[in-house]
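The values are calculated or read from the model by the stated rules, or taken from the named source; none is laboratory data. Keep in mind the model is a prediction, meaning the values are calculated, not measured. Don't worry about glycine lacking a Cβ; one is built from the backbone with ideal geometry, like all the others, and counts go over all protein chains shown.
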Amino acid sequence: MRSSETLARRGIRAGLVLAAAMLTAVSSAGISGAQGDPNALWSIVNGSCVPDQQQHGDPAPCAQVDLSAGEEEGYAVLKDLVGPLQFLLIATGRITGIESPSILEPDATNYFAAAWRARSFVEERAGRTLPRDWVSLAINSEQARSQTQLHIHVDCVRADVHQALTEHASEIGAAWTSFPVPLAGQRYSAIAVSGEDLDAVNPFDLLADGVPGARTDMGDQTLVVVGAVGQDGEPGFVILADHADAATGDRGSGESLQDHTSCAAPVTGK
């Protein structure tokens, strides 16, 4: 029979899970326009997930907390209330977002690499392995986010975006170039990289070092990473970047390329 202390602790965690579900609804404000506490994600991760992992070996209400590199360089994975499959990869150190200079430091955590590994949680919710070219990672610009804690959205890519990437795959190379057609109504730059994972490639660095002016203007940038399979059958990624532009109504919401409603990925495929 469980002890009263264990039952009490589980009751507290259940309450935290409910609170997390309510708070994380604001994390998709780049699409829904929801408004809320801009520190909600930080409060959940710093106030609940990290201490619960440290004290009890249980990341609740998060699905995962990795502090192997230390709390300042760690990350948590949390199910977002928006969408059946969407998860968030959230820094456990106090990092506001894409504009933070710390993400470009030589020894910075590769949060995108961790986010790509976190697709396993999306697949678990989906009940199947998803083809890599249907999985996407996105971080919004300062203008398009509601939360002041670095987080990367992990979810399926929109079907129309997937189709555009497939049709124009041969036009994406190893150097940044303008993607030939708009994606979700916005113009993106694109670059292709090879590899099964992102451990050797940091999209933040690729953006800062490869797109003119980006390093000094990171807050207006948005990044999207979509898994890919080359014509030779080798795995890789397409990395997309956009710059917020108030004059055209472009808020820099890379998350707009994701589908938080459903996942159109075929049931079979690799």
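Could you list, in sequence order, all residues of the range 242-270 that are closer than 18 Å to residue 163 by Cα, surrounded by 21 or more Cβ atoms within 10 Å (Cβ to Cβ) and aliphatic (A, V, I, L, M)?
257, 265
Does residue 169 count as within 17 Å of residue 230 (Cβ to Cβ) and in contact with a strand residue (DSSP E or B) (Cβ under 8 Å, 6 or more places away or on another chain)?
yes
For the range 125-151, which positions are in a loop (DSSP other than H, G, I, E, B) and of a type in the set (S, T, N, Q)?
Taking the range 125-151 as the starting set, the residues that turn out to be in a loop (DSSP other than H, G, I, E, B) are 127-131, 140-150.
Across the range 125-151, the qualifying residues are 129, 140, 141, 143, 146, 147, 148, 149.
Take the residues in the range 155-213 that are polar (S, T, N, Q) and under 21 Å from residue 232 (Cα atoms); name whichever of them is surrounded by the most Cβ atoms within 10 Å (Cβ to Cβ).
Of everything passing the filter in the range 155-213, 194 is surrounded by the most Cβ atoms within 10 Å (Cβ to Cβ).
If you go through the range 192-213, how many residues are without any contact (Cβ under 8 Å) to a residue 24 or more places away in the chain and part of a loop (DSSP other than H, G, I, E, B)? Steps first, please.
Of all residues in the range 192-213, those without any contact (Cβ under 8 Å) to a residue 24 or more places away in the chain come to 200, 209, 212-213.
Now restrict to residues that are part of a loop (DSSP other than H, G, I, E, B): 200, 212-213.
Of the residues in that region, 3 qualify.
Give the residue that is surrounded by the fewest Cβ atoms within 10 Å (Cβ to Cβ), with candidates limited to residues of the range 98-140 that are within 20 Å of residue 79 (Cα to Cα) and hydroxyl-bearing (Ser, Thr, Tyr).
Selected residue: 129.
Based on this model, can you work out whether residue 181 counts as of a type in the set (A, V, I, L, M, F, W, C) and in contact with a Leu (Cβ under 7 Å, 6 or more places away or on another chain)?
In short, no.
Working carefully through the options 122, 154, find the one that is aliphatic (A, V, I, L, M), within 20 Å of residue 198 (Cβ to Cβ) and assigned to a strand (DSSP E or B).
So the residue among 122, 154 that is aliphatic (A, V, I, L, M), within 20 Å of residue 198 (Cβ to Cβ) and assigned to a strand (DSSP E or B) is 154.
Evaluate the following for residue 123: is it among the acidic types (Asp, Glu) and farther than 16 Å from residue 89 by Cα? Even if it seems obvious, please write down each step before you answer.
On the way: among the acidic types (Asp, Glu): yes; farther than 16 Å from residue 89 by Cα: no.
Considered against the rule, which asks whether it is among the acidic types (Asp, Glu) and farther than 16 Å from residue 89 by Cα, residue 123 comes out as no.
Restricting to the range 103-128, give me the number of residues that are without any contact (Cβ under 8 Å) to a residue 60 or more places away in the chain and out of contact with any Leu (no Cβ under 9 Å at 6 or more places or on another chain).
Adding up the residues that qualify gives 7.
How many residues does the range 214-237 contain that are part of a loop (DSSP other than H, G, I, E, B) and modelled with pLDDT of 95 or more?
In the first step, residues of the range 214-237 are kept if they are part of a loop (DSSP other than H, G, I, E, B); the result is 214-217, 230-234.
Pick out the ones that are also modelled with pLDDT of 95 or more and you get 214-217, 234.
Total satisfying the criteria: 5.
Which residues, taken from the range 253-270, are part of a loop (DSSP other than H, G, I, E, B) and either of a type in the set (A, V, I, L, M, F, W, C) or touching a helix residue (DSSP H, G or I) at 6+ places or on another chain (Cβ under 6 Å) (or both)? Working first, answer last.
Residues of the range 253-270 part of a loop (DSSP other than H, G, I, E, B): 253, 259-270.
Correct list: 253, 263, 264, 265, 267.
So that you can scan it fast, the table gives a plain yes or no per residue for (1) part of a strand (DSSP E or B); (2) among the charged types (D, E, K, R); (3) without any contact (Cβ under 8 Å) to a residue 12 or more places away in the chain; (4) over 21 Å from residue 102 (Cβ atoms):
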| position | (1), (2), (3), (4) |
| --- | --- |
| 42 | no, no, no, no |
| 53 | no, no, no, yes |
| 59 | no, no, no, yes |
| 76 | yes, no, no, no |
